[in-house]
Amino acid sequence: AGLEGRDSLVVMPTGGGKSLCYQVPPLLAGRTDIVVSPLISLMKDQVDGLRANGYPAAALHSALDPQERAEAERFIASGDCRLVFVSPERLVTSWFLETVEHLGIRTFAVDEAHCISHWGHDFRPEYRQLAILKERIPEASIHAYTATATQRVREDICKQLALADPAVLIGNFDRPNLIYRLIPRLDLRGQVREIVARHANQAVIVYCISRKDTESLAQHLRENGSRAAYYHAGLEAETRHRTQDEFANEQIDVIVATVAFGMGIDRSNVRCVIHAAMPKSVEHYQQETGRAGRDGLEAECVLLHSPADSLRWRTLLERSAAEGDGNSALEGALALLDEMRRYCAPGACRHRSLTEHFGQHYEPPNDNDCGACDVCLGETEGLVEATREAQMILSCVARVGQSYGLGHVADVLRGADTERIRSLGHETLSTYGLMSDRTQKELMNLTFQLLDQRLLERSSGEYPVLRLNDASLEVLRDERTVHLVPAKTRRVRTTAREAASWEGVDMELFESLRQLRTELASERGVPPYLIFSDASLRDMAHRKPATPEQFLDVHGVGEKKLADLGEAFLACIAEADDPAGNGSSEPGPFPLSEGKRA
């Protein structure tokens, strides 16, 4: 479609190859194409990565100094540039549209195209301006790319961009290298600390709902030895950019952030994404977990959730709608929230649930078993009959007069010896200490499940209290059976894919190659993953190539990388194989003889 100038809509998961779809056509056709990208940091990463591979690309954005801007404009005007990255705001300016017409540019790629739809999970008003392209340049070919779009969003993208008879191409939404785990949140700090420890010295992103949460959790991780920082939209721009650069350059391992972080990150070797709370839509979850494992290697995605999360999001969404004129969007947002809540329920394979959410049939690699989620790995405990526990909790709500909040009810049930309980005389209640074998967090988790199932209600306001409803009375009268998820820490198992990916890899050599990559990246002022991906380093540490010809067989190595980096990496491999320097492990001549191709 790109080569033939036919409009298209391409939907593929993060890391699925969308970039190739707009990188290849201008290179083959010898023309200049435009890519609309939402963030400066994302443009910079993409251009740096392309240039490292010998691909002629440029970006125009506000962070360029006058000299850099002039150089980019000359390069574009020369006709030798194949891709120009710009923001939607810059593209629709009169000056830029006139430049586009003068240079005869007729093909436009719109990245993160879901931003144009009201029904998308990340609507951005500035994307709506792109409709001017078809008006200004009727013969323009427009290609929309996104990782997350339901049928409704796909239709809206085509309508808003005025795509003419587009080729609608839907890739496989499944990311088989991602390991999905959904775990009840009982001890947030302790659970995050444990997960981060599984990925020591590796890249981890932790997503939180509030700015305050990011700051306190990052501080806790630093106090426990992690190289961690926080990131949210309330920080000064300079601080945000510095933190993002430090993460990209592997100077810090863990970013604790709100959803304001991530779209501009092109780091391929993120090994773990943690959600400290449930996201507000499956689309957000797919987008954010998609930032893990972009190099194709296994990565872990852990969602620490509580039934309280959906109540918290509902309050935030309703407040946002009340402050603006957003009632029309509120219904859609609440529907997305309900879909996410259902995804968090126990039962189905996580890979299957995500794939089918986007309207695709899922074919597991084994019989009804993905081998890469908590359900299929047998780590979960499903719903269990818990009517007796529910009756204890509901009875306690009644005994305290339906006048107290969740924390106080939990304290009464576990028999806490507090001044408040004594002053109220609640230590004399029949329900006092009735569930003393449970922790407060376990009791709160079970109570939130009752709220989520509407077997209990909570008032609104600054100090909400628990109240019974008709369903509560049915449970208390043994007229309704209750099923809850046990609030217990779960055992994590190693997947077959994880074990296989390290098979035959010399771990000591891998770490030496990582160190070399970091040093070269620092010298060149680029992120380490632009030198080589983790997948390439693992392959080197497995194959141990000794000649340029063998080095070309390594994953991710082409002639440009061979000529630029081969000598240094071959020398590192040779030294690891012969640290005393007794053998003849000198790499072959550079550059490689004519005719050899990657």
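Would you be able to say whether some residue in the stretch 74-90 is hydroxyl-bearing (Ser, Thr, Tyr) and within 26 Å of the chain's Cα centre (by Cα)? Yes, some residue in the stretch 74-90 is hydroxyl-bearing (Ser, Thr, Tyr) and within 26 Å of the chain's Cα centre (by Cα). Anything in the stretch 88-133 that is within 23 Å of Glu155 (Cα to Cα), of a type in the set (S, T, N, Q) and not in a helix (DSSP H, G or I)? List them, or say none. Hits for the stretch 88-133 are Thr107, Ser117. Taking each residue of the stretch 293-321 that is open to solvent by less than 30 Å² (accessible area, probe 1.4 Å) and looking for partners that are among the hydroxyl-bearing types (Ser, Thr, Tyr) and at pLDDT 85 or above with beta-carbon atoms closer than 6 Å, six or more apart or interchain, yields Asp295/Ser533; Cys301/Tyr180; Cys301/Thr289. Go through the stretch 118-148 residue by residue and tally those that are at pLDDT below 80 and under 22 Å from the mean Cα position of the chain (by Cα). Of the residues in the stretch 118-148, 8 are at pLDDT below 80 and under 22 Å from the mean Cα position of the chain (by Cα). Go through Leu434, Leu450 for me and flag whichever is surrounded by 17 or more Cβ atoms within 10 Å (Cβ to Cβ) and within 28 Å of Val192 (Cβ to Cβ). None of the others qualify; the one that does is Leu450. Among residues of the stretch 338-353 being modelled with pLDDT of 90 or more and charged (D, E, K, R), the one that is least open to solvent (accessible area, probe 1.4 Å) is Arg350. I need the full set of residues from the stretch 24-43 which are of a type outside the set (A, V, I, L, M, F, W, C), out of contact with any helix residue (DSSP H, G or I) (no Cβ under 7 Å at 6 or more places or on another chain) and either touching a residue at least 60 places away in the same chain (Cβ under 8 Å) or buried (at least 21 other Cβ atoms within 10 Å of the Cβ) (or both), in order please. Once the filter is applied, which keeps residues that are of a type outside the set (A, V, I, L, M, F, W, C), out of contact with any helix residue (DSSP H, G or I) (no Cβ under 7 Å at 6 or more places or on another chain) and either touching a residue at least 60 places away in the same chain (Cβ under 8 Å) or buried (at least 21 other Cβ atoms within 10 Å of the Cβ) (or both), the stretch 24-43 yields Pro25, Pro26, Arg31. For the stretch 136-186, filtered to residues that are without any contact (Cβ under 8 Å) to a residue 24 or more places away in the chain and surrounded by fewer than 15 Cβ atoms within 10 Å (Cβ to Cβ), the residue that is farthest from Ala333 (Cα to Cα) is Pro138. Taking residues in the stretch 517-545 that are more than 18 Å from Gln202 (Cα to Cα), and partners anywhere that are small (Gly, Ala, Ser) and open to solvent by 20 Å² or more (accessible area, probe 1.4 Å), the pairs with Cβ atoms closer than 6 Å and at least 6 places apart or on different chains are His542/Gly504.
Residue pairs whose Cβ atoms lie under 8 Å apart, sitting 6 or more positions apart in sequence or on different chains, and linking a residue in the stretch 448-473 that is β-branched (Val, Ile, Thr) to a partner that is at pLDDT below 90 and surrounded by fewer than 22 Cβ atoms within 10 Å (Cβ to Cβ), are Val465/Arg458; Val465/Ser459.
For (1) assigned to a loop (DSSP other than H, G, I, E, B); (2) within 27 Å of the chain's Cα centre (by Cα); (3) farther than 18 Å from Glu300 by Cβ, each residue gets a yes or a no:
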{"residue": "Pro486", "(1), (2), (3)": "yes, no, yes"}
{"residue": "Gly504", "(1), (2), (3)": "yes, no, yes"}
{"residue": "Ser512", "(1), (2), (3)": "no, no, yes"}
{"residue": "Leu516", "(1), (2), (3)": "no, no, yes"}
{"residue": "Ser536", "(1), (2), (3)": "no, yes, yes"}
{"residue": "Pro545", "(1), (2), (3)": "yes, no, yes"}
{"residue": "Glu549", "(1), (2), (3)": "no, no, yes"}
{"residue": "Gly556", "(1), (2), (3)": "yes, yes, yes"}
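Number of residues in the stretch 220-233 that are surrounded by fewer than 17 Cβ atoms within 10 Å (Cβ to Cβ) and touching a strand residue (DSSP E or B) at 6+ places or on another chain (Cβ under 8 Å) equals 2.
Listed conditions (1) in contact with a helix residue (DSSP H, G or I) (Cβ under 8 Å, 6 or more places away or on another chain); (2) surrounded by 13 or more Cβ atoms within 10 Å (Cβ to Cβ); (3) within 16 Å of Val465 (Cβ to Cβ) are all met by Arg420, apart from (2).
Against the numbered list (1) assigned to a helix (DSSP H, G or I); (2) within 30 Å of Phe358 (Cα to Cα); (3) among the hydrophobic types (A, V, I, L, M, F, W, C), Leu50 comes up short only at (2). Looking only at the stretch 354-392, how many residues end up being at pLDDT 90 or above, closer than 21 Å to Ile183 by Cα and open to solvent by 30 Å² or more (accessible area, probe 1.4 Å)? Count: 1.
Residues in the stretch 81-108 that are touching a Gly at 6+ places or on another chain (Cβ under 8 Å) and not charged (D, E, K, R) were compared, and the one that is farthest from Ala164 (Cα to Cα) is Leu103.
The values are calculated or read from the model by the stated rules, or taken from the named source; none is laboratory data. Predicted model only: the values in this text are computed from it and were never measured. Positions of Cβ are generated from backbone atoms using ideal geometry, with glycine treated the same way; all protein chains shown enter the neighbour counts. Surface accessibility is based on the protein's heavy atoms, side chains included, excluding ligands, DNA and RNA. Shrake-Rupley method; radii C 1.70, N 1.55, O 1.52, S 1.80 Å.
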